[in-house]
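Only one structure is covered here, and it is reproduced in the block below.
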Amino acid sequence: MNIYVGNLPLEVTEDELHREFAAFGEVTSVIIMNDKYIGSGQPRGYAFVEMASKPEGVTAVSSLSDKWLKGHRITVIEALPLSNRNAGEAIGIGGHNRAGRNRAGKQRERKHLIS
(Lines give C-alpha, C1' and ligand atoms only; values in the text may rest on other atoms or scores of the structure.)
Protein backbone atom coordinates (compact mmCIF):
# COMPACT_ATOMS: atom_id res chain seq x y z
CA MET A 1 0.00 0.00 0.00
CA ASN A 2 1.34 3.42 -0.97
CA ILE A 3 0.91 6.13 1.68
CA TYR A 4 1.26 9.90 1.35
CA VAL A 5 2.77 11.68 4.37
CA GLY A 6 2.46 15.46 4.33
CA ASN A 7 3.37 18.47 6.46
CA LEU A 8 6.69 16.89 7.37
CA PRO A 9 9.33 18.89 9.19
CA LEU A 10 12.20 19.59 6.80
CA GLU A 11 14.74 17.91 9.07
CA VAL A 12 12.98 14.51 9.23
CA THR A 13 14.94 11.63 7.67
CA GLU A 14 13.84 8.56 5.74
CA ASP A 15 15.13 6.38 8.60
CA GLU A 16 12.93 8.23 11.11
CA LEU A 17 9.85 7.79 8.91
CA HIS A 18 10.72 4.13 8.39
CA ARG A 19 10.80 3.61 12.18
CA GLU A 20 7.43 5.35 12.65
CA PHE A 21 5.72 3.12 10.07
CA ALA A 22 7.60 -0.10 10.91
CA ALA A 23 5.70 -0.22 14.21
CA PHE A 24 2.64 -1.21 12.13
CA GLY A 25 4.20 -3.69 9.69
CA GLU A 26 6.74 -4.22 6.94
CA VAL A 27 7.89 -1.03 5.20
CA THR A 28 9.18 -1.67 1.69
CA SER A 29 10.28 1.90 0.86
CA VAL A 30 10.35 5.47 2.10
CA ILE A 31 10.95 8.39 -0.27
CA ILE A 32 11.11 11.97 0.97
CA MET A 33 10.45 14.25 -1.98
CA ASN A 34 12.95 17.04 -2.65
CA ASP A 35 13.92 19.67 -5.23
CA LYS A 36 16.76 17.69 -6.75
CA TYR A 37 15.40 18.42 -10.23
CA ILE A 38 15.84 22.19 -9.87
CA GLY A 39 19.16 21.92 -8.12
CA SER A 40 18.53 22.94 -4.52
CA GLY A 41 17.97 19.46 -3.09
CA GLN A 42 15.74 20.99 -0.39
CA PRO A 43 13.08 18.70 1.09
CA ARG A 44 9.53 19.48 -0.04
CA GLY A 45 7.80 18.53 3.22
CA TYR A 46 6.12 15.37 2.01
CA ALA A 47 6.99 11.73 1.45
CA PHE A 48 5.65 8.43 0.19
CA VAL A 49 5.84 5.29 2.30
CA GLU A 50 5.19 1.89 0.75
CA MET A 51 3.98 -0.86 3.07
CA ALA A 52 3.95 -4.55 2.18
CA SER A 53 0.28 -5.20 2.96
CA LYS A 54 -2.90 -3.19 2.78
CA PRO A 55 -4.14 -4.09 6.30
CA GLU A 56 -0.83 -2.94 7.81
CA GLY A 57 -1.00 0.25 5.74
CA VAL A 58 -4.56 0.99 6.81
CA THR A 59 -3.58 0.55 10.46
CA ALA A 60 -0.57 2.86 10.02
CA VAL A 61 -2.70 5.52 8.31
CA SER A 62 -5.33 5.52 11.04
CA SER A 63 -2.74 5.46 13.83
CA LEU A 64 -0.35 8.10 12.47
CA SER A 65 -2.81 10.56 10.95
CA ASP A 66 -2.60 13.90 12.79
CA LYS A 67 0.34 12.68 14.91
CA TRP A 68 2.87 15.30 16.02
CA LEU A 69 6.35 14.74 14.61
CA LYS A 70 9.09 17.23 15.53
CA GLY A 71 6.58 20.03 16.05
CA HIS A 72 4.48 19.34 12.94
CA ARG A 73 1.10 17.64 12.82
CA ILE A 74 1.59 15.25 9.91
CA THR A 75 -1.03 14.27 7.35
CA VAL A 76 -1.15 10.55 6.54
CA ILE A 77 -3.49 9.22 3.83
CA GLU A 78 -3.57 6.44 1.27
CA ALA A 79 -1.88 7.68 -1.90
CA LEU A 80 -3.62 7.45 -5.25
CA PRO A 81 -2.03 4.97 -7.65
CA LEU A 82 0.25 6.72 -10.15
CA SER A 83 0.20 3.88 -12.66
CA ASN A 84 -3.57 3.98 -13.16
CA ARG A 85 -4.16 6.69 -15.76
CA ASN A 86 -7.95 6.43 -15.45
CA ALA A 87 -7.79 7.35 -11.77
CA GLY A 88 -6.34 10.76 -12.66
CA GLU A 89 -8.90 11.32 -15.39
CA ALA A 90 -11.70 10.43 -12.99
CA ILE A 91 -10.80 13.35 -10.75
CA GLY A 92 -10.21 15.71 -13.66
CA ILE A 93 -6.43 15.89 -13.85
CA GLY A 94 -5.58 13.62 -16.78
CA GLY A 95 -3.79 15.50 -19.57
CA HIS A 96 -4.29 18.96 -18.11
CA ASN A 97 -1.91 21.32 -16.39
CA ARG A 98 -2.74 23.25 -13.22
CA ALA A 99 -4.48 26.03 -15.08
CA GLY A 100 -6.84 23.52 -16.69
CA ARG A 101 -5.39 23.82 -20.20
CA ASN A 102 -4.39 20.76 -22.11
CA ARG A 103 -0.98 20.33 -23.75
CA ALA A 104 -2.24 21.33 -27.20
CA GLY A 105 -3.56 24.60 -25.77
CA LYS A 106 -0.21 25.24 -24.11
CA GLN A 107 1.61 24.70 -27.42
CA ARG A 108 -0.75 27.12 -29.18
CA GLU A 109 -0.02 29.65 -26.43
CA ARG A 110 3.73 29.32 -26.99
CA LYS A 111 3.36 29.83 -30.76
CA HIS A 112 1.35 32.98 -30.13
CA LEU A 113 4.02 34.35 -27.78
CA ILE A 114 6.83 33.59 -30.26
CA SER A 115 5.05 35.19 -33.23
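The values are calculated or read from the model by the stated rules, or taken from the named source; none is laboratory data. Source: prediction; values computed, not measured. For neighbour counting, all protein chains shown are included, and Cβ atoms are generated from backbone atoms with ideal geometry for every residue, glycine included.
Here are a few things to note about the model shown:
- Region 35-64 residues that are in a loop (DSSP other than H, G, I, E, B), paired with ones that are at pLDDT 95 or above (beta carbon under 6 Å, 6 or more apart): Ala52/Glu26; Ala52/Thr28
- For region 13-64, filtering for residues that are farther than 14 Å from Val76 by Cα, at pLDDT below 95 and touching a Gly at 6+ places or on another chain (Cβ under 9 Å) leaves 3.
- Within region 1-44, tally of residues that are polar (S, T, N, Q) and exposed (fewer than 11 other Cβ atoms within 10 Å of the Cβ): 1
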